[in-house]
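Below is one structure; the comments refer to it alone.
The values are calculated or read from the model by the stated rules, or taken from the named source; none is laboratory data. Not measured: the values here are computed from a predicted model. Positions of Cβ are backbone-derived with ideal geometry, glycine not excepted, and every protein chain shown enters the neighbour counts. Please note that ligands, DNA and RNA were not included when accessible areas were found on the heavy atoms of the full protein model with its side chains. Shrake-Rupley method; radii C 1.70, N 1.55, O 1.52, S 1.80 Å.
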Amino acid sequence: MILRILLSLLAAGFLLTACHGGAGRIDNPRQFQSRPLEFEFPAVDRFRTANGIHVFFLEDRELPLVNITAKVGGGSLYDPEGKAGLGELFAAALRGGGAGGHPPVDFDEILEIMAANLFVDTVTHATRIDLSLRSEDLEKCLGLLADLLRRPRFDAERLDLAKKRMVESIRRRDDLPRDLARD
C-alpha cells in the first residue's frame, strides 16, 4: 500500500515537472506558430456509363474491402403533401423487401453469408444505398445491388412491418427528453 502511494506521488511529480513549460511557454494563443497544413486531395476517377450513370471511383488497396454508394433521385424533399415519411418508408421497404429472384429472407441470408452490409436510407434529395463488402465478393454483390435497383420485390409483409415500425416510432417520439429539447 505504501509502495503504491509512493509510486503515485512520484508519477504526480513527474507530471508536474513535465507541465512546467519554462522558456518555451506560450502565454497567449496568438503566439502559437505551426507549419501550414499540407493536404492533397486523392485523385478520383470520374466517368459515365453507357446508360448515363455517373461514377466516382477512388481506389484504396489498404484493405480488401469495397464500399459502394448509390444515390437514386428523390428523397424526403419530394414526399407528397400530407404523406411525410413516404421516402423513409420506401427506403425501409426497398432494403427489407428482397430483390430479383430472392425473397427477403434469402436476400438477407446471402448478404449475411458474405459478411456484406447493406444500408438504405432516404436523405433530403435522394435515396441512398450503401453497400460494404469484401473485395472477393464484389461480382456477386454487384449482382444483388443491380437486382435491388432494377427489380426490387417490396414484400408485402415486410412493407407492413415497416409501416408498423414507423407508427411506433411516431408514437414514441416524445419519450426521449433530448429529442424534445432538440425539436
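What to note about this one:
- Computing Rg/Rh (Cα atoms, Kirkwood Rh) for the structure here picks out one of (1) 0.95; (2) 1.21; (3) 1.09, namely (2).
- Residues Ala84 and His54, FRET efficiency given R0 of 25 Å [Cβ-Cβ distance, rounded to 0.05]: 0.30
- When the Cα gyration tensor is reduced to axis lengths a ≥ b ≥ c, the ratio a/c is 1.5 or higher for segment 54-161, and with a/b not above b/c it is classed as oblate.
- Cβ-derived FRET efficiency at R0 35 Å, Ile2 paired with Glu62, nearest 0.05: 0.10
- Per-atom-type breakdown for segment 54-164 gives carbon and sulfur 53% of the accessible area (1.4 Å probe, protein chains only).
- Stretched out straight at 0.36 nm per residue, the stretch from Ser169 to Phe154 would grow longer than its current Cα-Cα span by 3.3 nm.
- Cleavage-rule hits (trypsin sites (Lys or Arg not before Pro)) in segment 66-135: DSSP loop, at most 16 neighbouring Cβ within 10 angstrom: Lys83
- Accessible area per residue in Å² at 1.4 Å probe, computed on the chain: 82 Å²
- Simple rule: put +1 on each Lys or Arg Cβ and -1 on each Asp or Glu Cβ in segment 54-103, find the dipole, and look at Gly87, Val55, His102; the Cα lying farthest toward the positive end is His102.
- Charged-residue dipole, Cβ positions (Lys, Arg, Asp, Glu), segment 120-183 about Cα centre, Debye nearest 20: 200 debye
- Here the chain is assigned +1 on the Cβ of each Lys and Arg and -1 on the Cβ of each Asp and Glu. Its dipole about the Cα centre then comes out at about 540 debye.
- When peptides 32-45, 144-157, 52-65 are ranked by their average number of other Cβ atoms within 10 Å per residue, the highest-first order is 144-157, 52-65, 32-45.
- FRET E, pair Arg128, Arg35, Förster distance 30 Å, beta-carbon r, rounded to 0.05: 0.20
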